[in-house]
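Reading through the structure tokens given below for one structure.
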Amino acid sequence: MDDKQPDVEAALLEILVDRPDSVVALGLAARKLVRKLATGCSEFVGETHCVLNLFSFTGKHGQAFIHIATYTKHANMGFNHGVDLQDPQGLLEGTGKRIRHVRLTSKSQLRSKALGELISNAVSLARQTAEENGGIQPSRIGIRPRRRK
């Protein structure tokens, strides 16, 4: 790891301290999978009503292509342009204009071929979109935890 980059996993463990171990493990495993399939992407971590990991090739939050939302009782993997993805297995849920998500239930689900293909397709689309709009930016990491009362 680059000494200038923060340790995201350590920061996440600190932010997720009040969540059940099973949910934390699922969120971290999902993050690891996205980082593996989306090499060179930027990652941003923040906390609102959930802990959110955003992944982008442009370095801009608003141009994220996948996000992982870790709630108190479950985790979701969101596809920011999910309406544009082929989903022959019907994994994607949601009815919004753009975003679709997969509710994560187990680590074995993260090993499924169908989910891997969804992630790979989202990565390909995001790389293509980034290249068409100014190019892929160098990877960076941002952590912005909520101030606790």
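The values are calculated or read from the model by the stated rules, or taken from the named source; none is laboratory data. All values derive from a computational prediction rather than experimental measurement. Ideal geometry is used to build each Cβ from the backbone, glycine not excepted, and the neighbour counts take in all protein chains shown.
Determine if the range 77-91 includes at least one residue that is more than 22 Å from Q137 (Cβ to Cβ), out of contact with any Leu (no Cβ under 7 Å at 6 or more places or on another chain) and among the aliphatic types (A, V, I, L, M). Yes, there is a match, as at least one residue in the range 77-91 is more than 22 Å from Q137 (Cβ to Cβ), out of contact with any Leu (no Cβ under 7 Å at 6 or more places or on another chain) and among the aliphatic types (A, V, I, L, M). Against the definition (hydroxyl-bearing (S, T, Y) and either in contact with a Lys or Arg (Cβ under 9 Å, 6 or more places away or on another chain) or surrounded by fewer than 17 Cβ atoms within 10 Å (Cβ to Cβ) (or both)), how does T58 come out, yes or no? The answer is no for T58.
The set of residues from the range 51-65 being in contact with a helix residue (DSSP H, G or I) (Cβ under 8 Å, 6 or more places away or on another chain) and within 12 Å of G134 (Cβ to Cβ) comprises F57, T58, Q63. Could we say that V83 is surrounded by fewer than 19 Cβ atoms within 10 Å (Cβ to Cβ), under 21 Å from S124 (Cβ atoms), in contact with a Lys or Arg (Cβ under 9 Å, 6 or more places away or on another chain) and not basic (K, R) here? Considered against the rule, which asks whether it is surrounded by fewer than 19 Cβ atoms within 10 Å (Cβ to Cβ), under 21 Å from S124 (Cβ atoms), in contact with a Lys or Arg (Cβ under 9 Å, 6 or more places away or on another chain) and not basic (K, R), V83 comes out as yes. The residue that is nearest to A11 (Cα to Cα), among those in the range 89-146 that are without any contact (Cβ under 8 Å) to a residue 40 or more places away in the chain, of a type in the set (K, R) and out of contact with any Gly (no Cβ under 6 Å at 6 or more places or on another chain), is R103.
For E9, the conditions (1) closer than 22 Å to V102 by Cβ; (2) of a type outside the set (A, V, I, L, M); (3) buried (at least 16 other Cβ atoms within 10 Å of the Cβ) are fulfilled apart from (3).
Among the residues of the range 46-63, those that are of a type outside the set (S, T, Y) and closer than 18 Å to A11 by Cβ comprise G46, E47, C50, V51, L52, N53, L54, F55, H61. Note on the range 126-135: residues that are farther than 13 Å from C41 by Cβ and not polar (S, T, N, Q) amount to 4. For the range 13-26, the criterion of being within 24 Å of N121 (Cβ to Cβ), small (G, A, S) and in contact with a helix residue (DSSP H, G or I) (Cβ under 9 Å, 6 or more places away or on another chain) is met by none of the residues.
Note on the range 47-80: residues that are among the β-branched types (V, I, T), closer than 15 Å to S124 by Cα and modelled with pLDDT under 95 total 1.
Count of the range 12-34 residues, restricted to those that are surrounded by fewer than 15 Cβ atoms within 10 Å (Cβ to Cβ) and not small (G, A, S), is 7.
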